[in-house]
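Presented below is the structure to which this report refers.
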Amino acid sequence: MHIGILPILMPFGGGVYQYSLSVLHALDSAPEHEFTVFEYFGTVGGVAGLDAARWNVQPLAPPSRKPAWLKALDRAVGEGPHRDAYRWMKRLLRGTATAPVRPADGTAGLDEPLHRRLTGFGIELMLYGNPMPMSFEARLPYVMPIHDLQHRLQPEWPEVSANGEFERREYAFGNGARYATLVLADSEVGKEDILDCYGSLGVTPDRVKVLPYVPAHYLAVDVSQAERNRVRTKYGLWERFFFYPAQFWPHKNHGRIVEALGQLAAR
C-alpha cells in the first residue's frame with residue numbers, strides 16, 4: 001500500500017511534534033509499504049536517524065513561481081534557526097494557518113487541488129499527525145489521532161476555546177472523526193471521550209483504536225556520565241531536579257507545580 005504521511009515537525013509543536021517523530025521512526029521498519037512524507041508543518045530533512053533511502057519526501061503544495069525578492073527573503077530568514085516559525089507566519093498571513101470557523105455538521109468541503117496532488121502521487125491512505133481539515137477535505141481514506149478534547153472537556157481554558165478556537169477545533173475534530181477510516185486514541189479513557197463527543201456523528205467503537213504513547217526514540221540512547229556532567233555544569237543543574245517541558249498555557253498548570261515545589265521546600 002502507498003501511504004502518505006503529513007507529520008507535525010515543528011519543534012514548538014510540543015507533544016504533537018514528538019508524536020510525529022515516534023510515528024515516523026516506527027514506520028521506518030515497515031518495508032511492506034511505500035511511504036511518501038509531505039512537508040508542510042516543518043521539514044522532514046532535519047529528522048535524524050531515518051533511513052533516507054526508504055522515504056520519498058515531497059512538498060505538500062506544488063512548486064510555485066515566486067518573485068525574486070521573496071526568494072531572497074526565504075533564503076535569508078527561512079533557512080535560519082527560526083525556519084519553522086517563519087513558515088508558520090507566512091501561512092498565517094495567507095490565512096491558511098488555522099481552520100475556518102465552520103461547524104462539524106457534515107458540511108465539509110472538498111479541497112480539489114489537494115485531492116489532485118495526493119492522488120497524483122498514487123496515495124491510497126493518508127496518516128495525519130493531528131486533527132486538521134486537510135484530512136477530510138482531501139477526500140481520501142485516512143487515519144487521524146485525537147490527542148485530547150480539551151475544548152469539549154475543559155472549555156474554561158481560553159487557549160482551547162476563546163476567539164473562535166472552540167469552533168475551529170470542532171470543525172477539524174468533529175468532521176475529522178466523522179470521515180476517518182480510523183481514529184487513534186492514546187488510552188481507553190481517550191477512546192471513551194471520542195465516542196462520547198462524536199458518537200452522534202456516526203463514530204463507532206470499531207473505528208477508534210487505542211495506540212498508547214511511547215517514549216521518544218532518542219531517549220533510548222545511552223548518555224555517558226561525562227556528557228551528563230557537561231550538561232549539568234553548562235546549565236547549573238543540581239544533582240536532582242524536575243524537568244517540565246510544556247507550553248506556558250494556563251492548563252499546563254505551571255502555577256500548581258511551583259506551589260507544590262514551594263510546599264515541598266517548606267517541609
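What follows draws every value from the coordinates through simple rules; no lab data is involved. Quick caveat, the model's predicted, so the values are computed rather than measured. Cβ atoms come from the backbone with ideal geometry, glycine included; neighbour counts cover every protein chain shown.
The local environment of ARG228, defined by Cβ-Cβ distances under 14 Å, has a net charge of +1 under the rule Lys, Arg +1 and Asp, Glu -1. Descending by average beta-carbon neighbour count within 10 Å, the peptides 24-32, 228-236 line up as 24-32, 228-236, the highest first.
For region 211-219, backbone phi angles converted through the Karplus equation (6.51, -1.76, 1.60; θ = phi - 60°) give residue-by-residue couplings of 10, x, 5, 10, x, 4, 4, 6, 6 Hz, Gly and Pro being listed as x.
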